[in-house]
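**Q** Pasting in a structure now, in structure tokens, and then I'll have a few things to ask.
None of the figures in this text is laboratory data; all of them are computed from the coordinates on show. Fair warning: this is a prediction, and the values are worked out from it, not measured in the lab. Cβ sites come from the backbone with ideal geometry, for glycine too, and all protein chains shown count toward neighbours.
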Amino acid sequence: MSVRINGAEHEQPPGPGQCLRTYLRQEGCFGVKKGCDTGDCGACTVHVDGQPVHSCVYPAFRAQGREVTTIEGLAPPDGLHPVQQRFLDAQGFQCGFCTAGMIMTAEALLAENPDPTHDEVVEAISGNVCRCTGYRAIVAAILDAAGRLK
């Protein structure tokens, strides 16, 4: 199997029935969190060919020949991605467990719709669960990132 993870080729084949989340963690991408194992919480969200997926329910073998981006590969080498920076500035996290998946979902939204409304942001992150923040700071961070990405 060959898959590009954060710009680097990985040749290690997945185990039988292995999900993408477990495969990515095996390959050293520990920002991909293990949450619910059912695709409900979004903590494991990564991009496959630019589209956000819950990697706990995405079979690893389906990543063959694709580009996978995790939170570790989102930022440029010299700093943070604008969405990451806005989450930091707006304190859009508390415990931090959901943050990587939330940022990956937010970045995909902003790549597709650089000027989302409040309601569009809320809808986009509806597949990501945060048990700590109440979402206000998260939504504010995403809307602010949209302003900076213009």
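**Q** Counting other C-beta atoms within 10 Å, which of Glu11, Glu107, Glu67 has the fewest, and how do the rest follow?
**A** Ranked by crowding around the Cβ, least crowded first: Glu11, Glu67, Glu107.
**Q** At 0.890 mPa s and 25 °C, plugging the Kirkwood radius over alpha-carbon pairs of region 3-74 into Stokes-Einstein gives what diffusion coefficient in µm²/s?
**A** Taking Rh from Cα pairs, D becomes 210 µm²/s.
**Q** Suppose every K and R has +1 on its Cβ and every D and E has -1 on its Cβ; what is the size of the dipole of region 3-74 about the Cα centre, in Debye to the nearest 20?
**A** 140
**Q** Something else: Using a simple charge model, +1 on the beta-carbon of Lys and Arg, -1 on the beta-carbon of Asp and Glu, nothing else, what dipole does the chain show about its Cα centre, in debye to the nearest 20?
**A** With only Lys, Arg, Asp and Glu charged at Cβ, the dipole is about 360 debye.
**Q** Let me ask something else. What list of ³J(HN,Hα) couplings, whole Hz, do you get for region 70-79 from phi and the Karplus terms 6.51, -1.76, 1.60, once you set θ to phi - 60° and write x for glycine and proline?
**A** Values, residue by residue: 10, 4, 5, x, 6, 7, x, x, 9, x Hz.
**Q** May I pose another question? Report, in whole Å, the centroid distance computed from the Cα atoms of region 10-33 and region 113-141.
**A** 27
**Q** Relative to 2.2 N^0.38 Å, what does the C-alpha radius of gyration of the chain come to as a ratio? Two decimals please.
**A** 1.00
**Q** Shape of region 82-149 from its Cα gyration tensor (a ≥ b ≥ c, root eigenvalues): rounded if a/c is under 1.5, otherwise prolate when a/b > b/c, or oblate?
**A** Since a/c reaches 1.5 and a/b is larger than b/c, the shape of region 82-149 is classed as prolate.
**Q** Next question. Quote the FRET efficiency, to the nearest 0.05, computed for Leu88 versus Glu67 with a Förster distance R0 of 35 Å and r equal to the Cβ-Cβ distance.
**A** Efficiency for this residue pair is about 0.85.
**Q** Among Cys95, Cys36, Cys56, what is the fewest-to-most ranking by other Cβ atoms within 10 Å?
**A** Final ranking by Cβ density, sparse to dense: Cys95, Cys36, Cys56.
**Q** Could I ask something else about it? Could you identify which residue out of Pro16, Pro114, Pro52 has the top mean-square fluctuation in a GNM of the chain using Cα springs shorter than 10 Å?
**A** Pro16
**Q** Still on this structure, please answer the following. Would you work out which of Ala43, Ala8, Leu20 lies farthest towards the positive end of the dipole of region 7-52? Charges go on Cβ: Lys and Arg +1, Asp and Glu -1.
**A** Value: Ala43.
**Q** If you don't mind, there's one more thing I want to ask. For labels at Arg148 and Asp40 in the simple 7 Å Cα→Cβ model, what's the distance in nm?
**A** 3.4
**Q** Taking 0.36 nm per intervening residue step and subtracting the Cα-Cα distance, what contour gain separates Met1 from Asp49 on full extension?
**A** 15.7 nm
**Q** Extending each Cα 7 Å along its Cβ direction at Val122 and Phe30, get the distance between those two points in nm, one decimal.
**A** It works out to 3.7 nm between the two label points.
**Q** Between Glu9 and Arg131, how many nm apart are label points set 7 Å from Cα along the C-beta direction?
**A** 4.2
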